[in-house]
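Note sheet for the following structure.
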Amino acid sequence: MQRASEAEMLNILDLFGRLDVEEYGNPGSIFRYIGLLDVHAKRLSEEEAASILSSELISRNENKFENYFRRCVQSIPGRIFVKRCPIIGGRDSHENIFKIEESDELMDIIKQIAREECFYNIYFVEAMTVVVGNFDLSWPIYSFSEDYRTFNQIAREVNLYIRNN
């Protein structure tokens with residue numbers, strides 16, 4: 001994995017408007033498609049979440065996310081970049097943008113996100129889609145492209161969900 005060039009970073013900025021897309025106040029006014037990649041078909045209540053969210057849930061479902069992204073890499077052509085996002089503190093920097101050159105690099109990152117060790121934004125540049133690493137195996141997806149349907153289909157095939165609520 002190598003640092004993105006200045007031109008590549010500017011391309012990502014031009015496409016998404018900012019690197020920290022999770023900070024958009026109203027992403028629905030920016031993106032055509034918005035969903036939440038999740039292990040649950042419906043939004044959990046606070047009580048449901050408190051009773052089932054655990055390291056065991058992560059262990060049982062981590063491989064689904066690996067399978068999902070492996071299939072995305074195979075099915076959706078184009079370059080993939082990641083932005084390392086500090087969970088607490090740290091500085092958010094353009095220097096944290098990296099180009100994924102091998103799928104194993106991305107799988108290592110997926111494990112870190114799933115285990116909540118470190119979060120990354122994953123940019124599928126040609127598919128005009130970004131997946132935001134997040135807590136509790138619930139990862140927002142923002143897209144400008146019809147490729148969103150492919151992301152959705154792959155989720156169903158690996159027993160994950162992309163919820164739109």
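The values are calculated or read from the model by the stated rules, or taken from the named source; none is laboratory data. What you see is a predicted model, and the numbers here were worked out from it, not measured in a lab. All Cβ positions, glycine included, derive from the backbone under ideal geometry; neighbour counts span all protein chains shown. Accessible surface areas use protein heavy atoms only, side chains included; no ligands, DNA or RNA. Shrake-Rupley method; radii C 1.70, N 1.55, O 1.52, S 1.80 Å.
All but one of (1) touching a residue at least 24 places away in the same chain (Cβ under 8 Å); (2) over 13 Å from Asp38 (Cα atoms) hold for Ser138, so report the exception by its number.
With (1) touching a residue at least 24 places away in the same chain (Cβ under 8 Å); (2) over 13 Å from Asp38 (Cα atoms) applied to Ser138, the lone miss is (2).
Please work out which residue is modelled with the lowest pLDDT, limiting yourself to region 1-12 and to residues that are surrounded by 11 or more Cβ atoms within 10 Å (Cβ to Cβ) and farther than 20 Å from Asp147 by Cβ. Can you show your working first?
Let us first name the residues in region 1-12 that are surrounded by 11 or more Cβ atoms within 10 Å (Cβ to Cβ), namely 1, 3-5, 8-12.
Now drop any that are not farther than 20 Å from Asp147 by Cβ, which leaves 1, 3-5, 9-10.
On the way: Met1: 85, Arg3: 93, Ala4: 95, Ser5: 94, Met9: 94, Leu10: 94.
Among them, the one singled out is Met1.
I'd like the full set of residues that are crowded, with 16+ Cβ neighbours inside 10 Å, among the hydrophobic types (A, V, I, L, M, F, W, C) and in contact with a strand residue (DSSP E or B) (Cβ under 6 Å, 6 or more places away or on another chain), limited to region 35-52.
Leu36, Leu37
Look at Ile58 and say whether it is open to solvent by less than 50 Å² (accessible area, probe 1.4 Å) and at pLDDT 90 or above.
Numbers: open to solvent by less than 50 Å² (accessible area, probe 1.4 Å): yes; at pLDDT 90 or above: no.
No, not satisfied.
If you take the residues of region 103-147 that are out of contact with any helix residue (DSSP H, G or I) (no Cβ under 9 Å at 6 or more places or on another chain) and under 20 Å from Arg43 (Cα atoms), which of them is modelled with the highest pLDDT?
Ser138
Which is modelled with pLDDT of 95 or more, open to solvent by 90 Å² or more (accessible area, probe 1.4 Å) and within 18 Å of the chain's Cα centre (by Cα), of Arg32, Arg71?
Values: Arg71 fails: open to solvent by 90 Å² or more (accessible area, probe 1.4 Å).
Every option except Arg32 fails the conditions.
Mind checking which pairs have a first residue in region 11-37 that is without any contact (Cβ under 8 Å) to a residue 12 or more places away in the chain and a second that is open to solvent by less than 30 Å² (accessible area, probe 1.4 Å), Cβ under 7 Å, 6 or more apart or different chains?
From residues that are without any contact (Cβ under 8 Å) to a residue 12 or more places away in the chain, the pairs are Leu13/Leu19.
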